[in-house]
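The values are calculated or read from the model by the stated rules, or taken from the named source; none is laboratory data. Keep in mind the model is a prediction, meaning the values are calculated, not measured. Cβ sites come from the backbone with ideal geometry, for glycine too, and all protein chains shown count toward neighbours. These accessible areas exclude ligands, DNA and RNA; they are computed on the full protein's heavy atoms, side chains included. Shrake-Rupley method; radii C 1.70, N 1.55, O 1.52, S 1.80 Å.
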Amino acid sequence: MKKLLTLLLACTMAGTLLAGCSSSDQSETTTAKENAEASSETASETSGTFTVGFDQDFPPMGFVDEETGEYTGFDLDLAAEVANRLGLEIKYQPIAWDAKDNELSSGTIDCIWNGFTINGREDDYTWSEPYMKNNQVFVVRADSGITSSADLAGKIVDVQTDSSAEAALNDNTELSSTFGQLIPVADYNTAFMDLESGAVDAIAMDDTVASYQIEKREADFVVLDESIAEEEYGIGFKLGNTELRDKVQTTLEEMAADGTLAEISNEWFGKDITTIGK
């Protein structure tokens, strides 16, 4: 009988010991996981980089220089100056424009800075103040005989997927329904090649970008006088990220005050077309 009681007591103590070890191991595993997550968050927050998401086929705002193969552009120059003043390393992250929201929400990029239109997206991002004004316009071949949007009836029009021009035309069905076809394309390089080859009759796009493209390509294209929509450019941050937005906004205001914003604008456009502080 004593042997049986002794055996039962030993088993009970062993079970308690094992349970204690299991509980301790689980606690240590949980703590390690929490520490790892905290460490990861801290590393992300203190990485010392400022990662800007942009469309690399959107000159003059952001693109690949044909001679150097480096990323360049008006917006990228602004971003680099902001990063420098904040003591951060600038990192340019090219993105597919229709995947920009996923890139931002996943933390791959800190902001979208690339001729990014505020209008119609006010509640989707935490925005900087507007730093430029812009119009959505039509680009056509000079010899096309197209002089107004009314002449686009039955014609084929290219527009970038998920762009402000596409949104404006989707809103203005009275106009877009007259087109023979409205074709979304991945980028405006494709659109200009389509226009050059005669595959399409017009491109709906940003006026700022259109003027730059026409000059650089030395192409016989013209911008129609009437605009599809008026808009403002801003920097889009993940919804709720006011801390980073405020730092960038304050720095842009400092750059406007000391003339740096105007200087960079003059380098790209031959004049100051920025709106901060005006």
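Of these, Lys271, Lys216, Lys278, Lys238, which one is open to solvent by 40 Å² or more (accessible area, probe 1.4 Å), within 20 Å of the chain's Cα centre (by Cα) and of a type in the set (Lys, Arg)?
Matching residue, one of Lys271, Lys216, Lys278, Lys238: Lys238.
Taken over the range 122-140, the residue count meeting the criterion of being out of contact with any strand residue (DSSP E or B) (no Cβ under 6 Å at 6 or more places or on another chain) and within 18 Å of Tyr212 (Cβ to Cβ) is 0. Just so you know, in the range 121-148 the residues that are open to solvent by 60 Å² or more (accessible area, probe 1.4 Å), under 28 Å from Asp272 (Cα atoms) and touching a residue at least 60 places away in the same chain (Cβ under 8 Å) include one that is farthest from the chain's Cα centre (by Cα), and it is Lys133.
Yes or no: the range 65-84 includes at least one residue that is assigned to a strand (DSSP E or B), hydrophobic (A, V, I, L, M, F, W, C), under 15 Å from the mean Cα position of the chain (by Cα) and over 23 Å from Ala191 (Cβ atoms). For the range 65-84, residues assigned to a strand (DSSP E or B), hydrophobic (A, V, I, L, M, F, W, C), under 15 Å from the mean Cα position of the chain (by Cα) and over 23 Å from Ala191 (Cβ atoms): absent. Scanning the range 149-184 for residues that are within 27 Å of Pro59 (Cβ to Cβ), assigned to a loop (DSSP other than H, G, I, E, B) and either under 30 Å from the mean Cα position of the chain (by Cα) or of a type in the set (Ser, Thr, Tyr) (or both) yields Thr161, Asp162, Ser163, Asn172, Phe179.
Of everything in the range 90-120, what is part of a loop (DSSP other than H, G, I, E, B) and in contact with a strand residue (DSSP E or B) (Cβ under 7 Å, 6 or more places away or on another chain)? Give them in sequence order.
Our first condition is that a residue be part of a loop (DSSP other than H, G, I, E, B); within the range 90-120, this holds for 95-96, 106-110, 118-120.
Of everything in the range 90-120, those that are part of a loop (DSSP other than H, G, I, E, B) and in contact with a strand residue (DSSP E or B) (Cβ under 7 Å, 6 or more places away or on another chain) turn out to be Ile95, Thr108, Ile109, Asp110, Ile118, Asn119.
The C-beta contact set for the range 96-113 (first residue open to solvent by 10 Å² or more (accessible area, probe 1.4 Å), second residue assigned to a loop (DSSP other than H, G, I, E, B) and of a type in the set (Asp, Glu), distance under 7 angstrom, 6+ apart or interchain) comprises Trp97/Asp55; Trp97/Asp162; Asp98/Asp162. What number of residues within the range 245-278 satisfy the criterion of being of a type in the set (A, V, I, L, M, F, W, C) and more than 20 Å from Gln213 (Cβ to Cβ)? Total satisfying the criteria: 8.
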